[in-house]
């Protein structure tokens, strides 16, 4: 069984560590921010508690899984002995490139370097390493413990052997791998983000309200949540970053981010993470309350 390293202890990183530990893998979860690591371990513990309550895990399995996760504050220690390293840092190209330069120097020569990026070129990430054939995309969906899909992205140089290993590993986690090639946004976000952007443009132009747009997509298209609520859930800053990758990558104006989205991110209204986006999350209510800016 592989030793796993996860770099970045945010929402995606802690979810990835959770799933690997739950399925018997030893995990080194690394973040340079001690508070972030503490929050990650707390989140994993609470999420596993919910699994126990729902009968998805036994109390013993929960305890054993938590023991398999080692929080680490230094990258060199975090990748020591790791066979597969999964980067789950912020969706920022320069940050990811720097991390992969360091990983290439610190990781064992045979280690596979994977990125959880949702839009940034795997080929470009691989180009800053001396092992481009061992670099691959492993894009988990949020929330990681619940969502079955993993987008497996081949860079231009990724070897078939590495792809096969990641496909097999994904299935060991009880998830479904889907192979895609390295184009901006891959498949999930190439299709999803223009839909979210169009919903924001429709709101910006006064075509319909927040509630109407989301209700139409939920009841008319059988989506589990509307595109504006989903944007809040993903993070409006993340949506904007992905749309910029699509726009710059294809040079097509259909991917240009909505002005309203740009302005909301600039003002700090990022969705759930900031307490307010298209909806207001500050009062702790379980019911969706549209932000006062759109009433």
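As a footprinting exposure proxy, order 85, 191 by other Cβ within 10 Å, with the fewest listed first.
Details: 85 27, 191 10.
Taking fewest neighbouring Cβ atoms as first place, the list is 191, 85.
Normalised by the empirical 2.2 N^0.38 Å for globular proteins, what value does the Cα Rg of the stretch 78-158 take?
Values: Rg = 12.0 Å, N = 81, 2.2 N^0.38 = 11.7 Å.
Against the empirical 2.2 N^0.38 Å value, I get 1.02 for the stretch 78-158.
Of the residues 227, 143, 257, which exhibits the maximal mean-square fluctuation in a Gaussian network model of the chain defined by a 10 Å Cα contact cut-off?
In the Gaussian network model the winner is 143.
Rounded to two decimals, what is Rg over Rh for the stretch 40-88 when you use alpha-carbon atoms and the Kirkwood radius?
Details: Rg = 13.2 Å, Rh = 12.4 Å.
My calculation puts Rg/Rh at 1.07.
Taking all pairs of distinct Cα atoms, average 1/r, flip it, and tell me the Kirkwood hydrodynamic radius of the stretch 189-287 in Å to one decimal place. Could you put the intermediate results ahead of the total?
Working: mean 1/r = 0.0736 Å⁻¹.
With all distinct Cα pairs of the stretch 189-287 included, I get 13.6 Å.
How big is the gap, in Å, between the Cα center of the stretch 241-295 and the Cα center of the stretch 203-226?
Between the Cα centres of the stretch 241-295 and the stretch 203-226 lies a distance of 15 Å.
Out of 145, 132, 109, any idea which swings most in a Gaussian network model of the chain, alpha carbons joined below 10 Å?
109
Which value in nm describes the separation of the simple spin-label points at residue 60 and residue 207, placed 7 Å from the Cα toward the beta carbon?
5.6
Could you work out which residue, out of 215, 129, 117, moves most in a Gaussian network model of the chain, that is, has the largest mean-square fluctuation with Cα springs under 10 Å?
It is 215.
Quick one: compute the contact order of the chain, relative version, from alpha carbon pairs under 8 angstrom and 6+ residues apart, as a percent. Intermediate results must be reported in sequence, preceding the final value.
On the way: 519 pairs, mean separation 36.5, N = 295.
It comes to 12 percent, rounded to a whole number.
Can you compute the helix-only [θ] at 222 nm over the chain? Use -39500 (n - 2.57) per DSSP H run of at least 4 residues, normalise by all residues, nearest 500 deg cm²/dmol. Could the numbers behind the result be given before it?
Working: 12 runs with 133 residues, N = 295.
When only DSSP H runs of four or more count, the value is -13500 deg cm²/dmol.
Contour minus end-to-end for residue 294 and residue 167, with contour as 0.36 nm per residue of separation and end-to-end as the Cα-Cα distance?
Working: separation 127, 0.36 × 127 = 45.72 nm, distance 4.38 nm.
My answer for the length gained is 41.3 nm.
Which semi-axis lengths, in whole Å and largest first, follow from the square roots of five times the eigenvalues of the Cα gyration tensor of the chain?
On the way: eigenvalues 206, 113, 57 Å².
Largest first, the chain gives 32, 24, 17 Å.
Taking the Cα-to-Cβ direction at residue 266 and at residue 49 and moving 7 Å from each Cα, how far apart do the two end points lie in nm?
Modelled inter-label distance: 4.2 nm.
With a point put 7 Å past each Cα toward its Cβ, work out how far residue 130 is from residue 219 in nm, to one decimal.
Spacing of the two 7 Å Cα→Cβ label points: 6.2 nm.
Between residue 70 and residue 97, what FRET efficiency follows from the Cβ-Cβ distance if R0 is 41 Å, with the result rounded to 0.05?
0.95
Just report the Cα centroid separation between the stretch 85-147 and the stretch 1-59, whole Å.
Between the Cα centres of the stretch 85-147 and the stretch 1-59 lies a distance of 19 Å.
Only the coordinates and a few stated rules stand behind these numbers; no lab work does. Just so it is clear, the model here is predicted, and its values are computed rather than measured. Cβ atoms come from the backbone with ideal geometry, glycine included; neighbour counts cover every protein chain shown.
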